[in-house]
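> Please see the structure below; I have some questions.
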Amino acid sequence: MATQDSTARGQAETRAARAQMQAEMAAQAWADLANAERNRDDNTARLKALRLARQAEAEVVAAAKPAPKARAKKKA
C-alpha cells in the first residue's frame, strides 16, 4: 500500500510540475507576442513619420519652384 501511495503522489507531483511548466511557457509566449506587436507598432509609427516628413519636404520644394510659364500658341 505504501508503494501505491508513493507512486500516486509521485505522479501527482509530476502532473503538477508539468502544469506549472506549461503555464510558465504560455505566459512567456504571450509576453513574446505582446513584445512583437509593440515592436511592429513602433516601426509602423516610425515609418509613417518618415513618410509624412518626406511628403512635407516635397510640398515645400514644389511650392518654392516657380510656376512654369505658359507657352504662346503658334498661329499657322
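The numbers here are math on the coordinates, done by the rules we state, and not lab data. Model, not experiment: these values are computed from the prediction. Cβ placement follows ideal geometry from the backbone for every residue including glycine, while neighbour counts extend to all protein chains displayed.
> What distance in nm lies between label points placed 7 Å from Cα along the C-beta direction at Thr14 and Val60?
Here the answer is 7.0 nm between the modelled labels.
> If you don't mind, another one. About the Cα centre, and with charges only on the beta carbon of Lys, Arg (+1) and Asp, Glu (-1), how big is the dipole of the chain? Nearest 20 debye, please.
For the chain, the charge dipole is close to 1620 debye.
> A further question follows. Report the per residue volume, in Å³, of the convex hull enclosing the C-alpha atoms of the chain.
On the way: hull volume 6.1 nm³, N = 76.
Convex hull volume per residue, Cα atoms: 80 Å³.
> Apply the Karplus parameterisation 6.51 cos²θ - 1.76 cosθ + 1.60, with θ equal to phi minus 60°, to every residue of the range 57-64 and state each ³J(HN,Hα) to the nearest whole Hz, in sequence, with x for glycine and proline.
Whole-Hz 3J(HN,Hα) from phi for the range 57-64: 5, 5, 5, 5, 5, 5, 6, 6.
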